[in-house]
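For reference, the structure discussed in these notes is given below.
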Amino acid sequence: MSYERFCIIPAIDLQAGRCVRLTQGRKDQVTLYDGDPIELAESFEASGAQMIHVVDLDGAFSNTNSLNRQVLREIVSRTQIPLQFGGGLRSLEDVAQVIELGVARVVIGTMAVEMPRCLDQAVRTFGADRIAVGIDARDGQVLTRGWERNGGLPALALAKTVATRGVERIVYTDVAKDGMLTGVNVEQTCAIARESGLKVTASGGVSSLEDIERLLIARGNANRGVNATAGGCRIDSLIIGKAFYEQRFTFQQAREISARASH
């Protein structure tokens, strides 16, 4: 999927079939939000979203929960826009199952670190446009297994490695920022884009419209060669979750900012 402009992607994180958000990826720091996740997906679509990012948190923490897959199935059947899905996809069979459900793109994290040959096969089998690598990092180090295990690998090194394996997109999350509403780690996100040369979806920490603007300014400066530390970068999308649920701003407001930056 290619974006006509910078894309704001709303996130729906699922735990036991309910919409939640974690703080810094910690499973013991969960905020439960009112509202049906299926209706929420429909509302994002009605607001003009081009894609929705859905995460199975139970799967990410290696807990089997069929409710999340049932919700995913319902979202697929009741919306028309592409879904990006991640969380606990650690085998080719897992990937095939959700793609068969109708998911447009899957996000692979732990598999990319622990089973790179499976990543290769996933890209060959399903196509590079259907497979993104999720790089979740704290202090520049990759985290795996639901952000509970240090993968012993710098995020920048993983980004450069997956670029050689046919991957086209990275979803980069600074876990220390995720759910904290303290702003995106712009410098590291730009570094990931620069070092890998891949398309990058930024994630984690958006708290205000100003945070979106800062990322877009850095992206624009990098692509014009203004910021020597960023180089040219291909950050073309941003995942936002908690800021929407906390009503910091609306999807329409975020979309207007991204549209202005694209012209």
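Derivation of every value follows stated rules applied to the coordinates shown; laboratory data play no part. A quick note: this is a predicted structure, and the numbers were derived from the prediction, not measured. So basically every Cβ, Gly included, is an ideal-geometry build from the backbone, and we count neighbours across all protein chains shown.
Using a Förster distance of 45 angstrom, determine the FRET efficiency expected from the C-beta separation of Thr125 and Glu213, and round it to 0.05. Walk me through the intermediate numbers first.
On the way: r = 39 Å, r/R0 = 0.87.
Plugging the Cβ-Cβ distance into 1/(1 + (r/R0)^6) gives 0.70.
Note on Arg260/Ala157: beta-carbon distance plugged into 1/(1 + (r/R0)^6) with R0 of 41 Å gives a FRET efficiency of 0.70.
Nearest 0.05, what FRET efficiency do Glu195 and Glu114 give at R0 = 30 Å with Cβ-Cβ as r?
Working: r = 22 Å, r/R0 = 0.72.
My answer for the efficiency is 0.90.
Going from the fewest other Cβ atoms within 10 Å to the most, the residues Leu215, Leu101 appear in the order Leu101, Leu215.
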